[in-house]
There are 2 protein chains.
Amino acid sequence: MKKLQVDLGARSYPIYIGEHLLGQTALTTPYGQQVLIVTNETVAPLYLKKTLTAFANFKTDSVILPDGEKYKNLTVLNKIFDTLLSQRFDRQTTLVALGGGVVGDMTGFAAACYQRGVPFIQIPTTLLAQVDSSVGGKTGVNHPLGKNMIGAFHQPLCVVIDLNTLQTLDDRQLSAGLAEVIKYGLINDLEFFEWLESHAEALLARDFSALSFAIARSCQDKANIVAKDERESGQRALLNLGHTFGHAIETGLGYGVYLHGEGVAIGMCLAAQFSARLGWMSETDVTRIKRLIEKMVLPTRIPKGFTIERMLELMQVDKKVQAGKLRLVLLQGIGKAIITDQYDPQLLRQSLKQD
Amino acid sequence: MKKLQVDLGARSYPIYIGEHLLGQTALTTPYGQQVLIVTNETVAPLYLKKTLTAFANFKTDSVILPDGEKYKNLTVLNKIFDTLLSQRFDRQTTLVALGGGVVGDMTGFAAACYQRGVPFIQIPTTLLAQVDSSVGGKTGVNHPLGKNMIGAFHQPLCVVIDLNTLQTLDDRQLSAGLAEVIKYGLINDLEFFEWLESHAEALLARDFSALSFAIARSCQDKANIVAKDERESGQRALLNLGHTFGHAIETGLGYGVYLHGEGVAIGMCLAAQFSARLGWMSETDVTRIKRLIEKMVLPTRIPKGFTIERMLELMQVDKKVQAGKLRLVLLQGIGKAIITDQYDPQLLRQSLKQD
C-alpha cells in the first residue's frame with residue numbers, strides 16, 4: 001500500500017492506494033459514532049456490504065442514489081438530508097462517499113452543509129474519482145445552466161483508493177479516467193506524459209502495477225497543486241485544463257450524454273489546438289497529444305451538431321470568467337500549462353471552427 | 001452612527017447602526033463589479049430602490065423571494081442561483097441580503113455555495129435580524145424535519161442596520177425581535193435585562209434612542225460570544241437559549257405559524273421553568289422573566305393542542321444532540337446561562353407538562 005499526504009495544515013489528510021483496502025477498519029477512522037454511507041445503485045451491489053464491515057462498531061446506514069451525472073442536483077442531494085434527519089444522525093456523524101465522482105462531489109457537499117458541516121471520507125471506485133475528484137476538497141452539484149456551480153470547499157478526512165474496484169469498471173469509464181491522468185502530464189509533468197505514451201496499453205489492459213503508478217503520480221501531482229492553493233485563487237485553476245470546453249459540451253448535450261472525462265479529453269485537444277493557433281505550441285505537440293488521447297480510446301473532436309456559437313455561449317458560464325472575460329488554461333508546450341485571458345476571442349472562434 | 005466590530009481575524013467585519021444608512025455608498029463596498037440584491041415581496045416595494053442607489057457604479061440585479069419562514073428551503077434557494085446564472089454573475093459577485101432573518105440566512109447560504117463561495121453583505125430590516133441573525137455568519141435553510149439543518153458558516157463583509165426600517169415593521173414582528181433582545185440579558189447580561197425591564201414601553205413605542213441602545217448592546221453581546229467561538233464548538237451554543245424548545249414548536253406547527261421570535265419567547269420560559277424545577281433558579285426569577293416576555297407582547301406557553309410527546313420527539317432533532325443525548329441551554333439565574341446534558345429527562349417531561 002502507498003500512502004500520500006495532502007498538506008493543508010490542520011486540514012491535511014492521507015491518500016491510501018493499494019489492493020483490498022475496502023473494509024479495512026484501520027484506514028477509515030470516523031469522528032463520532034455515526035456513519036452514513038452514500039453510494040449509487042451500480043456500486044451498492046458490488047461494494048456496499050464490504051465497505052460496511054469497516055464500520056462494524058458504529059451506528060451505520062446507507063443512501064443509494066441513482067447513477068449518473070444527470071442526478072447531481074439539489075433535488076437528489078436532498079435525499080441524503082432526508083435520511084440523515086429521519087434516521088436521527090447528529091452533528092457527530094461522518095459521511096462516507098462510496099462511488100465515482102458524482103457520489104463523491106454530492107456526499108462531500110452534503111457533509112459541508114449538514115448541520116453546517118460534518119466530516120466525510122472518500123472511497124472512490126472509478127479511475128476518474130481516484131485520480132481527480134476525490135482529492136482536493138471540491139464538492140458540489142450542477143445547475144441546469146452550469147456544471148458544479150453550487151458547492152463548497154470541504155476536505156475529506158482521508159481518501160481510500162482500492163485498486164480492486166477498477167476490475168468492475170466498464171471500459172468507457174476507465175478511458176474517461178485516463179483523460180484526467182493525461183491532464184497531469186500536460187499541466188506540468190512531461191516525464192509522466194512520456195511514461196503514459198509508453199504505458200497506454202498496460203493501463204487499458206488494467207495492469208495493476210501500471211494503474212497503481214499512474215494513480216499515485218496523478219494524486220501526487222494534484223496534491224502538490226492543491227497544497228499551494230486550496231481555494232483556487234491562482235495556480236489551482238491549472239487543474240481545469242480542458243474543463244471549460246468540456247463543461248460546455250457536457251452542459252450543452254445534457255448531463256450524462258458525454259462522460260466528464262470524455263468532455264475533458266475533447267477540451268484538452270481544443271486547448272492544445274488553440275494554443276498552437278496562438279503560436280505558443282508546435283503542431284507536432286498537438287498531434288502528439290491527440291494521438292495519446294485517441295490511444296486511450298477517447299474522443300478528440302467537438303460532437304457533430306454542436307455549434308461553435310452554442311459552445312462559446314456556454315463557455316461564458318464558467319467559474320473562471322472575470323468581468324466578462326473568460327480566462328482559459330492553455331499550453332506553452334506539453335507539461336507547460338498557463339492560465340490566461342490574453343488572447344483574441346476571434347482567434348478562439350476560428351480555432352474552434354477549424355475542429 | 002455607531003460602529004461595532006466582530007473580531008474574527010481575517011474574517012472580521014463592522015456592524016453599522018444608525019438612521020438613514022440605506023443607500024449610503026461608503027458603508028457597503030462590495031468585492032468585484034457585480035451585485036445581486038436578494039429581498040422579499042414585502043421589503044422590495046419599501047427599500048429596494050433606495051438600497052440600489054448605494055451600488056450605482058456596479059452591475060446590479062435583484063431577486064424577490066416570497067415572504068415567510070415556510071419559503072426558507074432548497075427549492076426557493078435555487079431561485080437565487082437561477083438568477084445568478086441566467087444573468088451571468090461571476091465569482092466576483094457580492095450578494096446583498098435586504099430583509100429579515102429568512103432573507104439573510106438564505107442569501108448568506110447562497111453566497112457560501114455559489115461557485116463555492118462569494119462574499120455577501122447583510123442589510124437587516126427586521127429587529128430580529130438586526131439583533132441576531134445578521135451577525136455571526138450562521139446561514140442556511142430549513143428541512144421539513146428540522147430547522148436550519150442545511151447550511152454553512154459564512155461571515156458577511158459588513159452589517160448595515162438602518163433604524164428607519166423599523167418604522168415599517170408590524171407590531172408582531174417588533175415583539176418577535178424583542179424576544180432575542182431579552183435573550184442576551186438572560187445569557188450573561190443582568191444589567192441589560194434590568195434596563196429592558198425599565199425600557200419595555202419605550203421599545204414598544206419605537207423610541208429611536210431606546211431601540212438604538214438595545215440593538216447595539218445585543219450586537220455587542222453577540223459579537224463577544226461569536227469572536228470566542230465562531231463555529232460553535234462550545235460557548236456559542238449559549239446563543240441557542242430557548243431555541244431547542246422554540247424550533248420544536250416552529251417545526252411542529254409548520255414553519256411560519258409562529259414567528260421565530262415567538263417560538264424563542266416560549267422556549268425561554270420553558271428553559272427557565274425547567275431550570276427552576278432542577279433547583280438551579282428561584283421561582284421568583286422565572287416569574288420575572290415571564291413578566292418581561294409578556295410585557296413585550298410575546299407568548300409564554302406551549303400552544304394548545306401541541307402535545308408534550310410531539311415536543312420531546314421534535315427536540316431530539318437538534319444540532320445540540322450528541323450520542324442520543326440532548327444538550328440544553330438552561331439558567332442558573334438571570335444572566336447565567338449554561339449548556340448541559342446533566343439533567344433527568346423524566347424531570348424535563350414533568351416540567352413541560354406543568355406548563
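The values are calculated or read from the model by the stated rules, or taken from the named source; none is laboratory data. Quantities reported herein were computed from a predicted structural model and do not represent experimental measurements. Ideal geometry is used to build each Cβ from the backbone, glycine not excepted, and the neighbour counts take in all protein chains shown. Surface areas here come from the heavy atoms of the whole protein model, side chains and all, with no ligands, DNA or RNA. Shrake-Rupley method; radii C 1.70, N 1.55, O 1.52, S 1.80 Å.
Some observations on this one:
- Of all residues making up segment A:35-45, the number that are out of contact with any strand residue (DSSP E or B) (no Cβ under 6 Å at 6 or more places or on another chain) and crowded, with 17+ Cβ neighbours inside 10 Å: 1
- Candidate set from segment B:87-139 (those that are away from every other protein chain (no Cβ under 14 Å), β-branched (Val, Ile, Thr) and assigned to a strand (DSSP E or B)); member that is surrounded by the most Cβ atoms within 10 Å (Cβ to Cβ): B:ILE123
- From B:SER212, B:SER233, B:SER218, residue being without any contact (Cβ under 8 Å) to a residue 60 or more places away in the chain and polar (S, T, N, Q): B:SER233
- Filtered residue count, segment A:26-54, keeping only those that are aromatic (Phe, Trp, Tyr) and at pLDDT 95 or above: 1
- Within segment B:216-272, the set of residues being open to solvent by 10 Å² or more (accessible area, probe 1.4 Å), over 17 Å from B:MET149 (Cα atoms), touching a Ser or Thr at 6+ places or on another chain (Cβ under 9 Å) and part of a helix (DSSP H, G or I) comprises B:ALA227, B:GLU262.
- In segment B:48-81, of all residues being within 11 Å of chain A (Cβ to nearest Cβ) and without any contact (Cβ under 8 Å) to a residue 12 or more places away in the chain, the one that is least open to solvent (accessible area, probe 1.4 Å) corresponds to B:ASN78.
- Qualifying residue in segment B:182-198 (condition: more than 14 Å from chain A (Cβ to nearest Cβ), basic (Lys, Arg), under 17 Å from the mean Cα position of the chain (by Cα) and within 14 Å of B:LEU127 (Cβ to Cβ)): yes
- Given (1) of a type outside the set (Val, Ile, Thr); (2) at positive phi; (3) touching a residue at least 12 places away in the same chain (Cβ under 8 Å), number of the condition A:GLY305 does not satisfy: (3)
- Put simply, of B:ARG327, B:ARG349, B:ARG277 the only residue that is in contact (Cβ under 8 Å) with a residue 60 or more places away in the chain, open to solvent by 50 Å² or more (accessible area, probe 1.4 Å) and under 29 Å from A:PHE89 (Cα atoms) is B:ARG327.
- Criterion (open to solvent by less than 10 Å² (accessible area, probe 1.4 Å), over 23 Å from B:ALA272 (Cβ atoms) and modelled with pLDDT of 95 or more) met by exactly one of B:LEU178, B:LEU196, B:LEU163: B:LEU163
Conditions tested, residue by residue: (1) closer than 21 Å to B:GLU262 by Cβ; (2) not assigned by TED's automatic domain parsing to the domain that holds B:LYS295; (3) not aliphatic (A, V, I, L, M).
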| residue | (1), (2), (3) |
| --- | --- |
| B:ALA176 | yes, no, no |
| B:GLU180 | yes, no, yes |
| B:TYR184 | yes, no, yes |
| B:PHE193 | yes, no, yes |
| B:ALA200 | yes, no, no |
| B:LEU203 | yes, no, no |
| B:SER212 | no, no, yes |
| B:ALA216 | no, no, no |
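- Selection within segment B:8-20 - farther than 20 Å from B:TYR31 by Cα and open to solvent by 40 Å² or more (accessible area, probe 1.4 Å): B:GLU19, B:HIS20
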